[in-house]
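A short worksheet on the structure shown next.
The values are calculated or read from the model by the stated rules, or taken from the named source; none is laboratory data. Computed from a prediction, not measured in an experiment: that's the story for all the values here. In this analysis, Cβ positions are derived from the backbone assuming ideal geometry, glycine residues included, and neighbour counts consider all displayed protein chains.
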């Protein structure tokens, strides 16, 4: 829920509760005030009747309606009692609420029973009219508050939404700092100013880090090549004993791994910096066949059989060099982590490339699968960057790499979402999983 909606909702909720509570309270107070007014009128009427009775007998007191009754009684004197009562009116065929005063008074030595009543129908109508007006005001007030808040949210919060839109489209790889609109609202002005300063610092730090990575990688290439070359020459010298040969070979292998790590990090940096802008027509099936052919010798060394199945002939737009690296990394991992005398299944159709290999252990940790330097098995050789590179290359090609653990097999599936893929057959990698 948006901030402005939360604020508006609280205002409306408070106004609604306050007005809803005020209606019955107002009704009770208004009714009490009307009763007091009617009671006071009845008491004044009683006093006027007593003054008339003191001067003339009751027989000469005439009432023009049935609301006043005065009769002689033997009941003892009692003060006035006030009550409300519903009385059925024959002419109107309805019950009418009356306020009634009854008392026994002594006038000139004689006791008189006095009954005075006054209809509350006019007052009830008045109360209902007032309550109706208040309910109408409640609806108008809530509607007005909603419309005002909605209008103000579009005007007052517009700079904030503009800033959010700029932040969503901001990319540190573009090396452009944020240029946010100015606002006459102090809070938004301070926010935009702080974000612009922060973006400048972030871009400067990113450029500095990028330069350092590129320079470090390039500078390391030469000394690493020299070290490896010297080690090769050293291995060819004689005399050399077995212990020295083992030490030299260990140093040479470490140097090779360091050189490979340096090249991999340099490649990853170039990918993150969008330095591969070339777009080629990539034939999926042909590229997969070529990659499988490159790794045949590696698979034979481990006594692993590679089974390739292609369906259709899809073409996508992308960088062929990076595409081959992505496919090669996944295929190399499948061979590297497969047991001897097992097989690796590859299926390529118009929308997916699936690579499956038998699993020596259980399912892999998906959260760390594509994280840099997070190796699932430390006993296996590798840099721990291959899957991250493959994932980043997939995103460049508008694709996604998914992992599934099915039938004791690790399956990596490259799913393409490009609209310009030419598709002839629709196939799912489940076909090959059933054969494993």
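Scanning segment 296-310 for residues that are outside any strand (DSSP E or B) and either free of Cβ contacts under 8 Å to residues at least 12 places away in the same chain or in contact with a strand residue (DSSP E or B) (Cβ under 7 Å, 6 or more places away or on another chain) (or both) yields 296, 297, 299, 300, 301, 304. Taken over segment 337-350, residues that are surrounded by fewer than 22 Cβ atoms within 10 Å (Cβ to Cβ) and in contact with a strand residue (DSSP E or B) (Cβ under 9 Å, 6 or more places away or on another chain) amount to 6.
Quick check on segment 205-212. Is at least one of its residues touching a residue at least 24 places away in the same chain (Cβ under 8 Å), out of contact with any helix residue (DSSP H, G or I) (no Cβ under 8 Å at 6 or more places or on another chain) and under 30 Å from residue 394 (Cα atoms)? There is at least one residue in segment 205-212 that is touching a residue at least 24 places away in the same chain (Cβ under 8 Å), out of contact with any helix residue (DSSP H, G or I) (no Cβ under 8 Å at 6 or more places or on another chain) and under 30 Å from residue 394 (Cα atoms).
The numbered conditions (1) more than 30 Å from residue 201 (Cα to Cα); (2) surrounded by 10 or more Cβ atoms within 10 Å (Cβ to Cβ) are all true for residue 166 except (1). Answer yes if at least one residue in segment 375-395 is modelled with pLDDT of 80 or more, in the same structural domain as residue 330 (by TED's automatic domain parsing), over 15 Å from residue 328 (Cα atoms) and under 29 Å from the mean Cα position of the chain (by Cα), and no otherwise. For segment 375-395, residues modelled with pLDDT of 80 or more, in the same structural domain as residue 330 (by TED's automatic domain parsing), over 15 Å from residue 328 (Cα atoms) and under 29 Å from the mean Cα position of the chain (by Cα): present. Screening residue 179 with (1) assigned to a helix (DSSP H, G or I); (2) more than 24 Å from the chain's Cα centre (by Cα); (3) more than 30 Å from residue 31 (Cα to Cα) gives one miss only, at (1). Apart from one condition, residue 328 fits all of (1) surrounded by 15 or more Cβ atoms within 10 Å (Cβ to Cβ); (2) out of contact with any strand residue (DSSP E or B) (no Cβ under 9 Å at 6 or more places or on another chain); (3) farther than 23 Å from residue 411 by Cα; (4) in contact (Cβ under 8 Å) with a residue 12 or more places away in the chain; the exception is (3). Regarding segment 183-192, can at least one residue be identified that is more than 30 Å from residue 154 (Cβ to Cβ), without any contact (Cβ under 8 Å) to a residue 60 or more places away in the chain and touching a helix residue (DSSP H, G or I) at 6+ places or on another chain (Cβ under 9 Å)? No, segment 183-192 contains no residue that is more than 30 Å from residue 154 (Cβ to Cβ), without any contact (Cβ under 8 Å) to a residue 60 or more places away in the chain and touching a helix residue (DSSP H, G or I) at 6+ places or on another chain (Cβ under 9 Å).
Of the residues 3, 50, 19, 9, which is surrounded by 10 or more Cβ atoms within 10 Å (Cβ to Cβ) and either at positive phi or modelled with pLDDT of 80 or more (or both)? Checking each option against the conditions leaves just 50. Checked against the criterion of being more than 37 Å from the chain's Cα centre (by Cα) and closer than 20 Å to residue 405 by Cα, the candidates 332, 366 yield just one match: 332.
Selection of segment 227-246 for residues being in a helix (DSSP H, G or I) and surrounded by 11 or more Cβ atoms within 10 Å (Cβ to Cβ) yields 227, 228, 229, 230, 231, 232, 234, 235, 244, 245.
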